[in-house]
Amino acid sequence: MPPTAPLLTLAILALLPVLGTWLIVLVPSRKRQASGILLGNPLESAPLAPVVPPITKPLVHLSRSMSGSDMEGFILGLRHLPVELSAPLLSRFIKGNDPALQLYAQGILQQGREDLAGQFHRLQKQTPSDVRSAAWMLETGLRLAHPSLCSATERPGFLKHLVSLAAHRLQATADPSPLLLVNAAEVFLEAGMLEEADAALAVLSGPSLPAPELTARIASARHLKSLA
């Protein structure tokens, strides 16, 4: 055997993977041909979507100017808004004269309330030291306590419950997050506990976007309280 034979064998073995790779790339398989794969970007030849101009009219104006099927679509679209914000409009349709619109509005409002209440009860069952769950719980509770969802007779008792939850969660967490502190301050402010709201914001370290606006609201509430 010539002395160069082992080297030649090694060179051939080294070239085999390279040749196999080129064969895979250059010779398409039957499976690839049958799959109908198209090369290129299909979006380049696709028709453009129609341009829909934005609606800049307020929802209240639309609710007074629409009728028929347009009004049905308007009410069904309200389910995509936070229920506490759409509740006044939905309540208006519930008191209307159209039975179909009454049914749509009542179903959307009831479903929104039930979803919020279910989320609130689930978050209450989380570990008290869970900072994120505590912040979300207070945020959900504030939405449920909105005057459009909570009656004037029920709201004081529910806010008292929220205050108890906020104080308990702040005590249970060694390092409360800025969101938890801001939401707790919101709860204290809604309940008229201005000193507690200030104390919650005072714990914040570093800039927090809602804090200046919330501080101004607390100062306004304190001023109004002094005039009473």
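No value in this document is a laboratory result; all are computed from the given coordinates. Computed from a predicted structure; not experimentally measured. Because the Cβ atoms are built from the backbone with ideal geometry, glycine has one as well, and the counts that use them run over all protein chains shown.
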Where only alpha carbons of the stretch 70-141 are counted, the Rg and the Dmax (Å): 15.3, 50
Protection proxy ranking of 86-99, 173-186 - average other beta-carbon atoms within 10 Å, highest first: 173-186, 86-99
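Inverting the mean 1/r over all pairs of different Cα atoms, compute the Kirkwood radius of the stretch 71-201 and quote it in Å.
One over the average 1/r among Cα pairs gives 15.8 Å for the stretch 71-201.
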Whole-Hz couplings from phi, Karplus 6.51/-1.76/1.60, listed for the stretch 92-98; x for Gly and Pro: 5, 6, 4, 8, x, 9, 8
Loop GluC sites (Glu not before Pro), the stretch 82-155 (other Cβ atoms within 10 Å of the site Cβ: 12 or fewer; DSSP): Glu154
Linear extension gain, Ser226 paired with Ser164, 0.36 nm per residue minus alpha-carbon span: 19.8 nm
Convex hull volume per residue in cubic angstrom - Cα atoms of the stretch 147-228: 102
Mean Cα-pair separation over length for the stretch 38-142, i.e. relative contact order, pairs under 8 Å, 6 or more apart, %: 17
Extension gain, Ser45 back to Leu19 (0.36 nm per residue minus Cα-Cα distance, nm): 5.7 nm
